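The values are calculated or read from the model by the stated rules, or taken from the named source; none is laboratory data. Remember, it's a predicted structure, so these values are computed and weren't measured experimentally. All Cβ positions, glycine included, derive from the backbone under ideal geometry; neighbour counts span all protein chains shown. SASA here: full protein model, heavy atoms, side chains in, ligands and nucleic acids out. Shrake-Rupley method; radii C 1.70, N 1.55, O 1.52, S 1.80 Å.
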Amino acid sequence: GNVVAVEEVPEDMTSRYGIIDVIEDDGRLARAKGLVEKPSPEDAPSRLAIIGRYILQPEVFVHLDKKVTGAGGEIQLTDALAATLDSTALHGLRIDGRRFDCGSKMGFVEANTAFAAKRGDLIGNG
C-alpha cells in the first residue's frame, strides 16, 4: 500500500497538515481509513500529521494526473491518496528523529541553525 511519514502535532496545528484518520495504531505504524487536508482542530480525526515522506503506489499518480484542485485551490496529494483508499491500504509511519517544518519561516531558521551547529567551519571564530 501507500506509506506516509507521520508525526503527532499539537491540536492547534492540525490545520497546517494533512491528518490521517486512524483505525489501528501500535505506536510506530498507524493504519488509516482516511485522511483530511488541513482540518480545523475540531474537525481533525487525529493529531497524526503527514510530514512529507512518501512511498506511493502508481494508482496515486493516476489521480494526481486528473489535476483536480482541493484545499487552498491546489492539487492535493492527500486527495489522491484518499481516492485510492478503497483499493490500496494507507499506513502512517512515525519518524524516528528530529524534523523541521521548513514551510514556516521559523522552521527554516531552526533547520539551518541545527545544520550549522553540526559543522565546525560554520561556528566559533572560523
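A quick yes/no check of all residues on (1) in a loop (DSSP other than H, G, I, E, B); (2) β-branched (V, I, T); (3) more than 13 Å from the chain's Cα centre (by Cα):
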site	(1), (2), (3)
V36	no, yes, no
P41	yes, no, yes
S46	yes, no, no
A49	no, no, no
R53	no, no, no
V62	no, yes, yes
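The combined condition, being buried (at least 17 other Cβ atoms within 10 Å of the Cβ), closer than 19 Å to E7 by Cβ and not polar (S, T, N, Q), is fulfilled by L56.
Of all residues in region 28-44 being at pLDDT below 95 and open to solvent by 40 Å² or more (accessible area, probe 1.4 Å), which is farthest from S104 (Cα to Cα)? Checked region 28-44; the qualifying residue farthest from S104 (Cα to Cα) is V36. Counting the residues of region 59-70 that are on the phi < 0 side of the Ramachandran plot, open to solvent by 40 Å² or more (accessible area, probe 1.4 Å) and in contact with a strand residue (DSSP E or B) (Cβ under 8 Å, 6 or more places away or on another chain) gives 3. The residues of region 96-121 that are exposed (fewer than 13 other Cβ atoms within 10 Å of the Cβ) and either closer than 27 Å to P58 by Cα or aromatic (F, W, Y) (or both), listed by number, are D96, G103, F115.
Filter region 87-121 down to residues that are in contact with a Leu (Cβ under 9 Å, 6 or more places away or on another chain) and in contact (Cβ under 8 Å) with a residue 60 or more places away in the chain, then give me how many there are. Before the answer, list the steps.
First pass over region 87-121, keeping only residues in contact with a Leu (Cβ under 9 Å, 6 or more places away or on another chain): 88, 90-94, 115-116.
When the remaining residues are screened for being in contact (Cβ under 8 Å) with a residue 60 or more places away in the chain, the result is 88, 90-94.
Selection size over region 87-121: 6.
Which residues, counting only those in region 72-81, are open to solvent by 50 Å² or more (accessible area, probe 1.4 Å) and either in contact (Cβ under 8 Å) with a residue 60 or more places away in the chain or assigned to a loop (DSSP other than H, G, I, E, B) (or both)? Please lay out each step first, then the result.
Of the residues in region 72-81, the ones open to solvent by 50 Å² or more (accessible area, probe 1.4 Å) are 72-75, 79.
Passing the criteria: only E74.
The residue pairs whose first member lies in region 54-71 and is closer than 12 Å to A83 by Cα and free of Cβ contacts under 8 Å to residues at least 40 places away in the same chain, whose second member is part of a helix (DSSP H, G or I) and not basic (K, R), and whose beta carbons are closer than 6 Å, counting only pairs six or more residues apart or on different chains, are H63/A80; H63/A83; L64/A80.
Going by what's in this entry, would T84 be described as touching an Asp or Glu at 6+ places or on another chain (Cβ under 9 Å), of a type in the set (V, I, T), open to solvent by less than 80 Å² (accessible area, probe 1.4 Å) and in contact (Cβ under 8 Å) with a residue 60 or more places away in the chain? Lay out the reasoning, then the answer.
Values: touching an Asp or Glu at 6+ places or on another chain (Cβ under 9 Å): yes; of a type in the set (V, I, T): yes; open to solvent by less than 80 Å² (accessible area, probe 1.4 Å): yes; in contact (Cβ under 8 Å) with a residue 60 or more places away in the chain: yes.
Yes, satisfied.
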